[in-house]
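Nothing in this text is a laboratory measurement; each read-out follows from the coordinates by a stated rule. Predicted model, so just to flag it, every value in this text is computed and none were measured. In this analysis, Cβ positions are derived from the backbone assuming ideal geometry, glycine residues included, and neighbour counts consider all displayed protein chains.
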Amino acid sequence: MRRVVGITLAGLLVTLAGCSSGLNRPVQEVTATIGENNVQKIQVTAHSFWFEPNRIVVHAGVPVELEIHNGSWIVPHNMTVNAAEAGITVDASAGIPARTKTVRFTPTQEGEYPFFCHVDGHAGKGMKGTIVVVK
Ligand SMILES: [Cu+2]
């Protein structure tokens, strides 16, 4: 009986971890809409191991409010953007139990800037994406 429970628990943990690969996933693009208060709001879910969406289009010169939600109950995730030249510096960890983190920045320069999860080898498993700054 104990063995059956152990096996069931292991199966449950694997299911909860969502150990599906984020590699070769299709591009899912979302364009921010500018709200009444002149803020572009975007929500991103960090799954194990991919971001949804993985391509985020924002407008230059308009503040961005980015809400990162961890879609996993047991795997901590993060979103990092190192694009200080474009006004985008993000290092937001969405852990457990604080699974949602909101960050704000104002992109200043058009271009494409990569983002990734810096936890363990998650980026290599597919936790990567692109912030596209347009006029
Ligand atoms: Cu991660």
- Amide H contacts under 5 Å for PHE115, placed H, 5+ residues apart: GLY129, THR130, ILE131
- Message: Show log10 I(q)/I(0) for the chain at q = 0.14 Å⁻¹, two decimals, from a solvent-free Debye sum over equal Cα scatterers.
- Response: -0.62
- Computed for segment 70-135: size of charge dipole around the Cα centre, +1 on C-beta of each Lys and Arg, -1 on C-beta of each Asp and Glu, debye to nearest 20, value 240
- Query: Once amide H atoms are placed 1.01 Å from N in the peptide plane, what residues at a sequence separation of 5 or more from PHE105, or on another chain, have their amide H within under 5 Å of its amide H?
  - Reply: VAL64, LEU66
- Note on the structure: Scoring the chain by relative contact order with C-alpha pairs under 8 Å, at least six apart, yields a percentage of 25
- Along the positive direction of the dipole of the chain (beta-carbon charges: Lys, Arg +1; Asp, Glu -1; about the Cα centre), which of ALA92, VAL30, PHE49 reaches farthest? PHE49
- Task: Scan around THR31 for amide H atoms under 5 Å from its own, H built in the peptide plane at 1.01 Å from N, and keep only partners 5 or more places away or cross-chain.
- Result: VAL57
- For every other residue with a beta carbon closer than 15 angstrom to the beta carbon of ASN38, add +1 if it is Lys or Arg and -1 if Asp or Glu, then tell me the sum. 0
